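Note sheet for the following structure.
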Amino acid sequence: MTIPEFQQHKRDKKKLIVVTAYDALFTRIVEQAGVSAILVGDSLGVVVQGKPNTLSVTMDDMLYHTKLVAGAAQRTLVIGDMPFMSYQASTEEAVRNAGRFLQAGAIAVKLEGGAVMVDRVKAMTSIGIPVMGHLGMTPQSVHALGGYKVQGKVKDQATMLLEDAKALETAGAFAIVLEAIPTSLAKKITESVSIPTIGIGAGPHCDGQVLVLYDLLGLFDEFVPKFVKPYAHLKADALQALRRYKEEVEQGKFPSDSESYH
Ligand code: KIV
């Protein structure tokens, strides 16, 4: 999947399927399932590193996981998520860090923010670095937003988000993630821009959807937002397997003859 092919989906009215992945094992599984793109999300700070939010994730963390995912992905678009303070301080630093993601094997980068990020997006896209925007509930601004809350519920906020989406499109972003905003606003934004919108907690009218893989698989249950649908219950399965293993070792049932060498 290339960037132009990804964008063609919107014109063809074909939904885009995006999930996060952080390692080679899951990359191979999600690729086999036929997703459109893999986001190496900074959500790894929470689901892999066990931190309360994404703010402590570093460039080194992200490049390590991007290399694992890009090394395993054979045909899926890999997008590297720029971590907090890798692009906020200056355009020059943002461009250099975005370039490091492509050197690690990503095809594109994602960053949070709208109009304020336009100069970063322009600088990156002008030298051939594809950029995905991210609007609405932007987790790197969790403290400024006062928590993980739905955004764009009041008219002024909604108008600003629509303007942000248009500004990102004009700056050259190839797609925009819309997180935790009302369905009606996501629909309006989706209809107002020519680039794909990828929703997460933004209703069914976006051009595609993204979910954190561990949420989708039911592996991470410490904080489950309303927009998450667990399609499996792998934590429960893992617990059951581990308890059985423990029990069988304690009872001398494992290893049996068939798991032993003679
Ligand atoms: O970091 C992440 O996984 C994300 C998605 C939730 C969009 O930004």
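Of the set (1) touching a residue at least 40 places away in the same chain (Cβ under 8 Å); (2) under 29 Å from residue 190 (Cα atoms), all apply to residue 65 but (2).
Looking only at region 109-152, residues that are part of a strand (DSSP E or B) and surrounded by fewer than 24 Cβ atoms within 10 Å (Cβ to Cβ) come to 1 in all. Answer yes if at least one residue in region 156-165 is of a type outside the set (Val, Ile, Thr), more than 20 Å from the chain's Cα centre (by Cα) and within 19 Å of residue 16 (Cβ to Cβ), and no otherwise. Scanning region 156-165, I find no residue that is of a type outside the set (Val, Ile, Thr), more than 20 Å from the chain's Cα centre (by Cα) and within 19 Å of residue 16 (Cβ to Cβ), so the answer is no.
Being out of contact with any helix residue (DSSP H, G or I) (no Cβ under 8 Å at 6 or more places or on another chain), in contact (Cβ under 8 Å) with a residue 40 or more places away in the chain and either not hydroxyl-bearing (Ser, Thr, Tyr) or not assigned by TED's automatic domain parsing to the domain that holds residue 158 (or both) holds for only one residue in 209, 240, and it is 209.
Only a single criterion out of (1) in contact with a helix residue (DSSP H, G or I) (Cβ under 6 Å, 6 or more places away or on another chain); (2) more than 20 Å from residue 189 (Cβ to Cβ); (3) in a loop (DSSP other than H, G, I, E, B); (4) of a type outside the set (Val, Ile, Thr) is not satisfied by residue 89, namely (1).
Under the condition of being in a helix (DSSP H, G or I) and touching a Ser or Thr at 6+ places or on another chain (Cβ under 7 Å), the residues counted in region 10-50 number 3. Residues in region 230-262 that are part of a loop (DSSP other than H, G, I, E, B) and either loosely packed, with under 10 Cβ neighbours inside 10 Å or polar (S, T, N, Q) (or both): 251, 252, 256, 260, 261, 262.
Among residues that are within 15 Å of the ligand (Cβ to nearest atom), surrounded by fewer than 21 Cβ atoms within 10 Å (Cβ to Cβ), assigned to a loop (DSSP other than H, G, I, E, B) and hydrophobic (A, V, I, L, M, F, W, C), residue 224 is included.
Criterion applied to 69, 57 was being touching a helix residue (DSSP H, G or I) at 6+ places or on another chain (Cβ under 6 Å), crowded, with 24+ Cβ neighbours inside 10 Å and assigned to a loop (DSSP other than H, G, I, E, B), and the one residue passing it is 57. Among the residues making up region 20-54, those that are of a type in the set (Gly, Ala, Ser) and either out of contact with any helix residue (DSSP H, G or I) (no Cβ under 7 Å at 6 or more places or on another chain) or more than 12 Å from the ligand (Cβ to nearest atom) (or both) are 24, 33, 34, 36, 41, 43, 45, 50.
The values are calculated or read from the model by the stated rules, or taken from the named source; none is laboratory data. This is a predicted model, so every value here is computed, not measured. Because the Cβ atoms are built from the backbone with ideal geometry, glycine has one as well, and the counts that use them run over all protein chains shown.
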